[in-house]
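The block underneath contains the structure these notes are about, expressed in structure tokens.
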Amino acid sequence: GAGVSQSPSNKVTEKGKDVELRCDPISGHTALYWYRQSLGQGLEFLIYFQGNSAPDKSGLPSDRFSAERTGGSVSTLTIQRTQQEDSAVYLCASSLAPLDSYEQYFGPGTRLTVT
Amino acid sequence: AQKITQTQPGMFVQEKEAVTLDCTYDTSDQSYGLFWYKQPSSGEMIFLIYQGSYDEQNATEGRYSLNFQKARKSANLVISASQLGDSAMYFCAMRGTSGSARQLTFGSGTQLTVLP
């Protein structure tokens, strides 16, 4: 079946512009996660959705970052007034449910470059 | 808070030999899950293996096995009969049961290179 998809695959934007990153999880997966991976680093957790709600937004690095999920499916991560330090690969993952035995399936990521 | 430590930034192994990638963790949760992911140069994260904290047997998936030593808080990945296609970054991760986020906490990764 179809895996997690993300769009765009690459985004180059000027400092100060807003960007929207999209994630389409695997059908039927109720849990959705956003992570950020800076060059040569591990993954940094940003936000988690169970259905349409985000119980914990503490991973978002600043109030310029926001995310929403509609219909229990597609999620959008928005970064306002982008800064150069926002440059990274943004990965989305989904799992059947937020149980510790369920693996998370990752999308291919969106590579964001802020110039 | 949870923490994953991978102390080997890079590892080399000869093709067809076995290799162990180290992972230690720290958590106050009684119940937790441990995961290994592979990230090739193409960037996708590929799930390899899972070990639950209450599982008595070490997890195995094909050529991958997880050497779980709970008292030492270690969850090393063993790859047997290495292949050239195993060259990639490998991440150890854990998910606890406290808090509401249920996110994975990742280590910094180990870059494995398989030599012909």
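Before moving on, here are some points about what is shown:
- The set of residues in segment A:1-20 being part of a strand (DSSP E or B) and either of a type in the set (D, E, K, R) or in contact with a Cys (Cβ under 8 Å, 6 or more places away or on another chain) (or both) consists of A:Ser5, A:Gln6, A:Lys11, A:Glu20.
- Residue that is among the charged types (D, E, K, R) and open to solvent by less than 70 Å² (accessible area, probe 1.4 Å), where the choices are A:Asp56, A:Asp63, A:Asp18: A:Asp56
- Exactly one residue among B:Phe35, B:Phe68, B:Phe12 is in contact (Cβ under 8 Å) with a residue 12 or more places away in the chain, in contact with a strand residue (DSSP E or B) (Cβ under 9 Å, 6 or more places away or on another chain) and within 11 Å of chain A (Cβ to nearest Cβ), and that residue is B:Phe35.
- Filter result for A:Gly107 (of a type outside the set (Phe, Trp, Tyr) and touching a Cys at 6+ places or on another chain (Cβ under 6 Å)): yes
- Considering (1) of a type in the set (Gly, Ala, Ser); (2) open to solvent by 60 Å² or more (accessible area, probe 1.4 Å); (3) closer than 22 Å to A:Glu44 by Cα, the lone condition that B:Gly62 does not fulfil carries the number (3).
- Of all residues in segment A:46-71, those satisfying the criterion of being touching a Ser or Thr at 6+ places or on another chain (Cβ under 7 Å) and either among the small types (Gly, Ala, Ser) or assigned to a loop (DSSP other than H, G, I, E, B) (or both) are A:Gly51, A:Asn52, A:Ser66, A:Ala67.
- Residue match in segment A:100-110 (condition: within 14 Å of chain B (Cβ to nearest Cβ) and closer than 19 Å to A:Glu14 by Cα): yes
- Annotation for segment B:82-96: at least one member residue is more than 7 Å from chain A (Cβ to nearest Cβ), surrounded by fewer than 19 Cβ atoms within 10 Å (Cβ to Cβ) and part of a loop (DSSP other than H, G, I, E, B).
The values are calculated or read from the model by the stated rules, or taken from the named source; none is laboratory data. Not measured: the values here are computed from a predicted model. Every residue, glycine as well, gets a Cβ built from its backbone with ideal geometry; the counts of neighbours run over all protein chains shown. Remember, those area values only see protein heavy atoms, side chains included, never the ligands or the DNA or RNA. Shrake-Rupley method; radii C 1.70, N 1.55, O 1.52, S 1.80 Å.
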